[in-house]
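Each remark here refers to the structure printed beneath this line.
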Amino acid sequence: MTKIKAGIVGSAGYTGGELLRVLIYHPEVEIVFANSGSNAGKKVYAVHNDLLGDTELEFSTDFHANIDVLFLCLGHGDARKFLDQNPVDAKVKIIDLSQDYRLRDHQAFASGQFVYGLPELNREAIKQAHYVANPGCFATNIQLALLPLAKAGLLPNQIHVNATTGSTGAGQKPSATTHFSWRNNNLSAYKSFEHQHLQEISESLDQLQNGYLPTGDESLLARAQQRINFIPQRGDFARGIFSAIYVDTDISVADAYALYEDYYQSHPFTFVSDENIDLKQVVNTNKSIMHLEKHGDKLLILNATDNLLKGASGQAVQNMNLMFGLDERAGLNLKPAGF
């Protein structure tokens, strides 16, 4: 079988590096180019040091259509600009890891449109898609924790979310809040009730529980804020997202487990645990692991994901597998480091 030819634009950052790590060992993929204007001519391992001994691939300024799939690992706003300035042959499938094409009103592209790439929500549509918009990291974690309730029509008007992400969630470019001396032994909240991922989360929940997203003249973010109370936090670790979410519901914990296990039984990376969970169970994997508890009338959902894999590059490869008719798990049988 001829291997899928892949090109990566923005390959020097965190998501680009993770994508390279996965695709180098993907049994059905050949990386044709790793585009990075600022690193052209350098070996990939000169930037992604852990790839020393794994590849002799060099960064380049190449961008051409002699590929089957194009991954865009660019900053928010830059992916749309790139595609506007660099026409892509219609035969090339595109997976965008930015937020540029995630929302319903922004999905039109060329003669088609982007499909929102959360396999646990849109698997069949992704299989038929030519363009896929990869979900955000927080959005992936939170949606996976809530999709079974939405499918059953059990989401109440108010959802309460506290979620902590590692420093890689802020991207590779250094900033005051990613500096080691600030981040180490520290914890802070940011964008409380206003995080941009609320918009895609609310659209997905509305897709399953029709009418969950309020209508009105307000912005999409403002309408999402009416339902989802989200406090994002910065943790003093490098990677992963751990969320604690609760809703008021009459469902018993036994029925909740049955609901979640039924919803996720055919999805190979999403698991429901009877035991309490921790972040190390998922770091360096494409897994999402949940744990449920009932406290009075409140259902607590804990969820752990890796922000760079299931929340970004791993999910992008999962989407590629679906788009090309491959085993959904191809290249993604990754093991966490337990200690």
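Between Asp278 and Ala46, the distance separating the two model label sites (each 7 Å from Cα on the Cα→Cβ line) works out to 4.0 nm.
Residues within the reach of a label modelled at Asn210 (point 7 angstrom out along Cα to beta-carbon, backbone nitrogen below 20 Å), restricted to the stretch 101-136, are 104-105, 116, 121-125. Computed from point charges on the beta carbon alone (+1 for Lys and Arg, -1 for Asp and Glu), the dipole magnitude for the stretch 59-218 about its Cα centre is near 380 Debye. Once Rh is set to the Kirkwood radius over Cα pairs, what Stokes-Einstein translational diffusion coefficient, in µm²/s, holds for the stretch 21-137 at a temperature of 4 °C and a viscosity of 1.567 mPa s? Result for D is 84 µm²/s.
Taking GluC sites (Glu not before Pro) as exposed when DSSP calls them loop and at most 12 other C-beta atoms lie within 10 angstrom, the chain has its longest site-free stretch at 57-217. A Cα-only calculation for the stretch 81-135 places Rg and Dmax at 10.7, 33 Å. Sites listed here are chymotrypsin sites (Phe, Trp or Tyr not before Pro) in the stretch 1-80 whose DSSP assignment is loop and whose Cβ has at most 15 other Cβ atoms within 10 Å: Tyr25, Phe63. Helices in the chain, meaning DSSP H runs of at least 4 residues, each add -39500 (n - 2.57). Divided by all residues, the mean residue ellipticity at 222 nm is -8000 deg cm²/dmol. The C-alpha radius of gyration of the stretch 239-327, expressed as a fraction of 2.2 N^0.38 Å, stands at 1.18. Among residues other than Arg234 with Cβ under 14 Å from its Cβ, the summed charge is +2 (Lys and Arg +1, Asp and Glu -1). Mean silhouette area of the stretch 191-339, derived from the convex hull of its C-alpha atoms and averaged over all directions, reads 10.6 nm².
Entry note: the stretch 172-260 has Rg to Rh equal to 1.06, where both radii use alpha-carbon atoms and Rh is the Kirkwood radius.
Using the structure shown, select from Lys93/Lys287; Lys5/Lys91; Lys91/Lys127; Lys91/Lys310; Lys151/Lys280; Lys5/Lys335 the pairs with a Cα to Cα distance greater than 20 angstrom.
As for pairs spanning more than 20 Å Cα to Cα, those are Lys93/Lys287; Lys91/Lys310; Lys151/Lys280; Lys5/Lys335.
With axes computed from alpha carbons, what is the tilt in degrees of helix 253-264 against the longest principal axis of the chain, rounded to the nearest 10 within 0 to 90? Rounded to the nearest ten degrees, it is 30. How far, in degrees from 0 to 90, does helix 197-208 lean away from the longest principal axis of the Cα atoms of the chain, to the nearest 10? The helix 197-208 is inclined about 70 degrees to the chain. On the principal axes of its alpha-carbon atoms, the stretch 109-255 has extents of 46, 45, 36 Å, going from largest to smallest. When +1 charges are put on Lys and Arg Cβ atoms and -1 charges on Asp and Glu Cβ atoms, the dipole computed for the stretch 220-339 relative to its Cα centre reaches about 580 debye. Centre-to-centre separation between the Cα atoms of the stretch 102-176 and those of the stretch 288-314: 14 Å.
The equivalent ellipsoid of the chain has semi-axes of 32, 22, 20 Å, largest first, where each one is the square root of 5 times an eigenvalue of the Cα gyration tensor. Per residue, the accessible area of the stretch 239-339 comes to 40 Å² when a 1.4 Å probe rolls over the protein heavy atoms. The C-alpha atoms of the stretch 38-97 occupy a region whose extents along the principal axes are 35, 24, 18 Å, arranged from largest to smallest. Computed extension length for Trp182-Gln85: 31.1 nm, one decimal, from 0.36 nm per residue of separation with the Cα-Cα distance subtracted.
Quick check: the angle from helix 313-323's long axis to the longest principal axis of the chain, C-alpha only, nearest 10 degrees? Roughly 80 degrees, rounded to the nearest 10.
The values are calculated or read from the model by the stated rules, or taken from the named source; none is laboratory data. Quantities reported herein were computed from a predicted structural model and do not represent experimental measurements. Ideal geometry is used to build each Cβ from the backbone, glycine not excepted, and the neighbour counts take in all protein chains shown. The area values use the complete protein model at the heavy-atom level, side chains included, leaving out ligands, DNA and RNA. Shrake-Rupley method; radii C 1.70, N 1.55, O 1.52, S 1.80 Å.
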